[in-house]
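Just below is one structure, and these are the notes that go with it.
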Amino acid sequence: MTLQRKLLLGFSLMVIPALLVGVQAIRTNALVRGTLQSLGERLARSRTYAEVEDAMFNQTQVIWRYLSGDPAAKKEFPLTEQVVAFWLDRWTAGLPPDELKLADGVRGIESDIRAVAGRVFKLHDAGRHGAAAVLARQELVERLQPALAEVNREIYRRAREFSVQAAFAQVAGIVDVERRVLWGIIALALAAGLLASWLISRSLARPLNELRHAMAVVGAGDLDHAIEPRSSDEIGDLARAFARMTEQLRQSRAQLVQSEKLASIGQMAAGVAHGLRNPLASLRAAAQLAQHRVEGIAAREPLNAIIEQVDRLDLRIAHLLAFSRPAPFRPLRESVRTLVDGALS
């Protein structure tokens, strides 16, 4: 894995907790929005029931208006029945199953109001105004209106419990879950940070420290120190390049030692040659002197052989001295064309 990919991996591990926080925030927002929407629907049903209550109250008011001498009120009563039926249908459309019993109670009270209205209208039309008023008081004021008030209290109590309190409980639950999730994300962020730090330390800091130590050892003169790259990334490439450079330095040092050895041998050979030339010169001079003092070819032949061998040794010593001296640099003029032609041929 390359260094760039390792850094991207560490960055990704650090970014994951932030992404989780964002996802959790979106989820919490959706839950809160759903809770508020449910609360809004319950409040809307409460407002719809308020319309039902007003319509039923208007029904009773129409009855009292008719008893008070308003003949047009009797004609308005069927319209109030339609209004009550309309709001009842809207209110019961969205009720949960556990509140349908209350809706049945409201419908029963509204049915009793219509029945009482029919009986009151009948008595009033028959001229029995007092009986009609007593019936209206007994049925409407003393029985149906208290029953309706009791149902209203139960409905509004449930609306408070199942709307505001339920919404509060849901929001409290969301907050509690959010707190636990955030603690979990914090723990995950710490774990991801530690893991990313460990990966970066293991992948970057450790190889760099080993390479720095190897450079210090090699810089101190220990060219035989082993350098083992542990990774295949850019740091590993740098370590391998440093190992190749160390190997080249080791070879150069070996060549330098060999050159120094050869130079020492040359110096020693020069010293030995100088030490041999003086005795050989004395030997040649003695042989030449002896040639002049002896007579006869047979006596001179050994002396000539001695002089010839001394000259051969002197020539070898001259060659050895020439080899031990550094050759002078004598550049020669050459034609590039001639060199290229020679290389091609």
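Throughout, read-outs are computed from the coordinates displayed, never taken from laboratory work. Every value quoted in this text rests on a predicted model; they were computed, and no experiment measured them. Every residue, glycine as well, gets a Cβ built from its backbone with ideal geometry; the counts of neighbours run over all protein chains shown.
Quick notes on this one:
- Modelled FRET efficiency - R0 22 Å, Ala115 with Phe86, Cβ distances, 0.05 increments: 0.65
- For a straight C-alpha distance cut-off of 12 angstrom, the aspartates and glutamates reachable from Lys101 (same-chain residues fewer than eight places away being disregarded) are Glu154.
- Across segment 3-200, the mean sequence separation of Cα contacts (distance under 8 Å, 6 or more residues apart), normalised by length, yields a relative contact order of 40 percent.
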